[in-house]
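Here is the structure we will look at.
The values are calculated or read from the model by the stated rules, or taken from the named source; none is laboratory data. All values derive from a computational prediction rather than experimental measurement. Backbone-built Cβ (ideal geometry, glycine too); neighbour counts: all protein chains shown.
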Amino acid sequence: MLGEMVIDGVDVPEDGSAGDLAADLLVRVADGDQQAFAELYDMLSSRVFGLILRVLVNRSQSEEVLQEVFLEVWQSAARFAPNKGQGRTWILTIAHRRAVDRVRASQASADRDVKAGIRDLGIAHDSVAEQVELSMAGEQVVAALGMLPEAQREALVLAYYGGYSQSEIAVLSKTPLGTIKTRMRDGLTRLRSEMGVIA
């Protein structure tokens, strides 16, 4: 059994070996190993589900996206490059992308419904304006994240969508804690700038 330590109340592997284990399992999954896929699912599904739920809020949609994520992992495991990053981070990135895609699809549908409601039912303007404003803010955050350098974006996604602490991100990415703090600080500063927020 892997040795673990507790960081900010969360069990984390002492030497980043869980990340390596995820990578090893992904390599086996790429070869069609169903047992490795089951182990990978058992190891990461709750964390992946938590990330998706933070983005979508809706539990049933999150369960659907979780299944989509692991289907994509099964089908595209051969594209994972162990020398380019942690297996866990690769899977969380897929999960975040799929969750954001679902949000965009839901927002597009909601926007169509709102426009139809205004046209057909004459809904009060204030509630419609508020809903559209929230939808636009979500799109703006996603667009601004896309403008960040990869290292900053990864740190922020793991922190805010994955629920990882700075210490956990440092362990997962095998990066000094000070570097992670700098990436997050610089990333947040650039996010504010991209979104036109005055600090």
Testing D42 on (1) over 21 Å from E154 (Cβ atoms); (2) among the acidic types (D, E); (3) touching a residue at least 12 places away in the same chain (Cβ under 8 Å), one condition comes back false. Which one is that?
(3)
Mind telling me which of the residues L172, L158, L188 ends up being surrounded by 15 or more Cβ atoms within 10 Å (Cβ to Cβ), at pLDDT 80 or above, within 19 Å of the chain's Cα centre (by Cα) and not polar (S, T, N, Q)?
L188
Cβ-Cβ under 6 Å pairs, at least 6 apart or on other chains, the stretch 73-97 side in contact (Cβ under 8 Å) with a residue 40 or more places away in the chain, far side small (G, A, S) and assigned to a helix (DSSP H, G or I):
A77/A30; A78/A30; P82/A23; Q86/G19; G87/A22; G87/A23; R88/G19; R88/A22
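Would you mention how many residues in the stretch 84-102 are touching an Asp or Glu at 6+ places or on another chain (Cβ under 7 Å) and within 23 Å of Q61 (Cβ to Cβ)? It would help to see each step written out before you state the result.
Initial filter on the stretch 84-102 (touching an Asp or Glu at 6+ places or on another chain (Cβ under 7 Å)): 89, 94, 98.
Filter once more, so that each one left must be within 23 Å of Q61 (Cβ to Cβ): 94, 98.
The qualifying residues number 2.
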Within the stretch 1-114, helices (runs of 4 or more DSSP H) holding 3 or more residues that are at pLDDT below 80:
17-30
Scanning for something farther than 15 Å from L53 by Cα, modelled with pLDDT under 55 and part of a helix (DSSP H, G or I), does the stretch 138-147 turn up at least one residue?
no
